1. For the pair B:Ala201 and A:Ala13, how long in nm is the line joining their label points, each one 7 Å along Cα→Cβ?
2. Considering only the other residues whose Cβ falls under 11 Å of the Cβ of A:Leu305, what net charge follows from Lys and Arg at +1 and Asp and Glu at -1?
3. Rounded to the nearest angstrom and ordered from largest down, what semi-axes does the equivalent ellipsoid of the protein assembly as shown get from its C-alpha gyration tensor (root of 5λ)?
4. Which loop-located trypsin sites (Lys or Arg not before Pro) does the range A:538-586 contain, where loop means any DSSP state but H, G, I, E or B and the Cβ has at most 14 other Cβ atoms within 10 Å?
5. Residue by residue through the range A:448-462, which ³J(HN,Hα) values in whole Hz follow from phi under the Karplus form 6.51 cos²θ - 1.76 cosθ + 1.60 (θ = phi - 60°), with glycine and proline marked x?
6. Determine which residues of the range A:601-622 fall in the zone a paramagnetic label at A:Arg573 would reach in this model, i.e. backbone nitrogen under 19 Å from the point 7 Å along Cα→Cβ.
7. Go ahead and estimate [θ] at 222 nm for chain A from helices alone: -39,500 (n - 2.57) per DSSP H run with n ≥ 4, summed, over the residue count, rounded to 500.
8. Test of understanding: given chain A, find the longest segment containing no chymotrypsin sites (Phe, Trp or Tyr not before Pro) that are in a DSSP loop and have at most 12 other Cβ atoms within 10 Å.
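The values are calculated or read from the model by the stated rules, or taken from the named source; none is laboratory data. All values reported here derive from a predicted model rather than from experimental measurement. All Cβ positions, glycine included, derive from the backbone under ideal geometry; neighbour counts span all protein chains shown. Quick note on the areas: whole protein, heavy atoms, side chains included, nothing else; ligands and nucleic acids left out. Shrake-Rupley method; radii C 1.70, N 1.55, O 1.52, S 1.80 Å.
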Amino acid sequence: MNEVAAALAVAFALAGVGAAAGWAVPARGRSTVAGAATAGVGAAGAAAGLAAVSGTGWQGHLPDLLPLAGVTLSVDALAGWFLLLVGGVAVVVGVYTVGYAGRGGHGPASRTALAVLPVFVAAMLLVPAAGSVSTFLLGWELMAVTSLLLVLAEHRHSPAARTAGLWYAAMTQAGFVAVLVGLAWLAAAAGGESFAAIRAAGPELSPVVSGGVFLLCLAGFASKAGAVPLHPWLPRAHAEAPSHVSALMSAAMVKLGVYGIVRVGFDLLGGGQRWWWLLLGAFGVVSALYGILQAAVATDLKRLLAFSTSENVGLILLGLAAAGLWTDAGEHAAAGVALAAALLHAANHAGFKTLLFCGAGSVLRATGTRDLDELGGLSRRMPATTLLFTVGALGAAALPPGNGFVSEWLLLQALLHRAPEAGMVVTVAAPVAVAVVALTAGVGVATYVKALGTGFLARPRSSAAEQAVESPRGMLAGMGLAALACAGLAVAPAVAAPALDRIAGGLRTGIAPLGGSGVDVRLSGIASTISPLWIGVGVVGLAVGFAGAARAVGRARRRAAAWDCGDGPLTARMEYTATSFAEPLQRVFDNVLAPEQDVDVTHPSESAYLVRSVQYRRRLPDRIEARLYQPMVTAVDRVGRAARGLATGSVHRYLAYMLAALIAVLVAGVIR
Amino acid sequence: MIDQLLNLACGLFLLSAIGVLWRRELSALIALLTVQGLALTGIAVLLAVDRHSVETAAVAVGVGVLKAGLLPLLLRRVLARVPEARETAPLVNVSASMLAAAGLVLLAYAAARPLVALAPTSAAQAAPVGIAVVLIGFFLAATRRRAISQIIGVLLVDNGIAAVAFLATGGVPLVVELGVSADLLLAVLVLQVLTARLHAAFGDTDLDELRELRD
């Protein structure tokens, strides 16, 4: 039997068993069982993905599983890459869940929340494994519904979770409708609903059909990926969901939006026209910039991580857009590099964002708050968590030797490519994109310095942070696995080169494979080489060398009190908070962020020149949401209220409506 | 000969439906409904004779018992229990109802053309009559005040559907007809109880009283 088929069968069977067991087992052992099942499903999915990226494809048709269409599965290298990604994240989250959701204390230990977890992972494995439109849509909807249940896990305790669930449900269903219409249209135009049939008919489709299908699918997939301006569900759902669910959603589910764009844009429609990719690039640029700016000024740790997800998705989309544009211009080498950058960044982001969200969950469990202004000083109380969070933050800041660095470097290499035949718009757009990536990387560093510095270092700013306790071993083990994966991706990304070559070879857009060897990544067609291992060794060596030299050559160390201007001992009130650290950035980007702030100064009654107290309040509403979504919500609300006038309670009127509808249908039939 | 009888039965069928719209006294409506049930039974019997089908004959007997016997009986009992509701109290006056019925019959004939074109037998050519009765039944239910008119409207709709089924397919399988009849009987029983309760609660059977239940 084929390895991929066997592994997928194991994964789906385990998901069923895990869900049933999670439902049946009493509360004490429930998290252990559900966590183990989730990890098992993830491991089996990762095994299937590994086999697929190593060149073992598989296609299967199970006609009896579903009425009418049956279930069609088809796993190629591209699907394998995303199976591996989802599976890897699920293993980490499964192990983490054992420690996080148990003990009845913090975290959702409810029956539904735990039993649904393995099913959610299985649905996320079904999406890339699907080989026909109906199977894909089935997986997509199953994924949406199970994730919604998980987002709502804590709905009893927090009204914000209910709002988040509402936003998520509305946006994910709207996105599903867009994808449904797009893919159904595509299947109808291609004369078959299996991906193989569509692929065969893809190049002959008229530009109107393929353009329309691409636009609809892009809307659905980009909203699932959390690209700005289709993002408002993302910071809400990621912040309010339990942290292991946030990790799964941010690291794995969001990537399936990216998968959808690659599958439909490059594979099924076979490349397409230039304006598609310019539009996608615009999405990417706006997401990257707006995401990182909002992250930089956020004080809620999980909201910060969520907006950073938008930013990273923006970079991935930018890579895909570059791949499409370079293919269109005939620059196949640069296109291969851009596609590799996008896919590698998806994997890197999955690695570090799992780690960071799990870390945020540990902080939340230890202190009960996500507000960075109330944290601080955790490095003493939670040294292991702090270390692991640092690894993740290093990756997210895209600094060497973190893992985000390699893929962002690849992305820059792809964008810096000069193509004389690409046309005016592309010639102008590419340097702009480079500038955006550079700005994003810069603000990203500030963001993660803030998250780590104000959250974990210095002195605790609240009693909750003062009394934090280290997480149990299960959670640390899960995060440790993620940190290992990050480290592996950081020093040896070249091991992924054969898989990336296979994916590029499998897409029919004529993208030339990417060269690579053991230690370094060599870009075929672009004269560039990078050796992350040596960069890592160099950075660590330099740091150690400088420290050693300073100790050997410099003056002897002495202990003294820090300088406090002579004004008593230093207190936690004097240190940087998340708000004050981000204040300069907020000032620079004042026009974009439009913060609402007011300062109240109260004077004593004797003199207006003296100050008794100063109050500072700041709110940073999401501007895009306020301008774009609020009017829409208001309008829908108004229509709903107006529609109440139709239902007067009169039975006769209802009967008349039915009669009118029947007559309208008959008349329409006659006229046609 | 059978064709002519069939056309006669269909004519009676349609005419009784229009008569239901025309008359105001509820007892007359029930009598008309009985006539319509007999016409429907006649259609079924004629089809059974035409096709020499025992099963259709059994269905015809069942239809006769139910539509010309049992249902009118039930309705009369409702009427006896609610003595003051003698008239239908239409929301649309009778002449306007007649005009609307004419329009609905025209629409039914226009809409049923593809159905007739499928099987150009004389029975299928009469199928639009059934659709017309469905529309008239709906119209009756929407424009009459007393709860019992709604029951009669539902029965007209069902008669119309049954007539289309007979005429277009040439005989409905016994199982299907049994299922539909049981369903209908239940619906009428429920409506009968509902009417009685309505009368007990409001001292009237005007459905507009139910409007207070909203909100």
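1. 5.7 nm
2. Details: positive: A:Lys302, A:Arg303, A:Lys353, A:Arg370; negative: A:Asp300, A:Glu311.
With Lys, Arg at +1 and Asp, Glu at -1, the neighbours total +2.
3. Taking √(5λ) for each eigenvalue gives 67, 35, 26 Å, largest first.
4. A:Arg555, A:Arg557, A:Arg558, A:Arg559
5. Going residue by residue, I get 7, 4, 4, 4, 6, x, 7, x, 10, 9, 6, 9, x, 9, 8 Hz, with x marking Gly and Pro.
6. A:601-604, A:610-618, by backbone N distance to the label point.
7. It lands at -22500 deg cm²/dmol.
8. A:1-562
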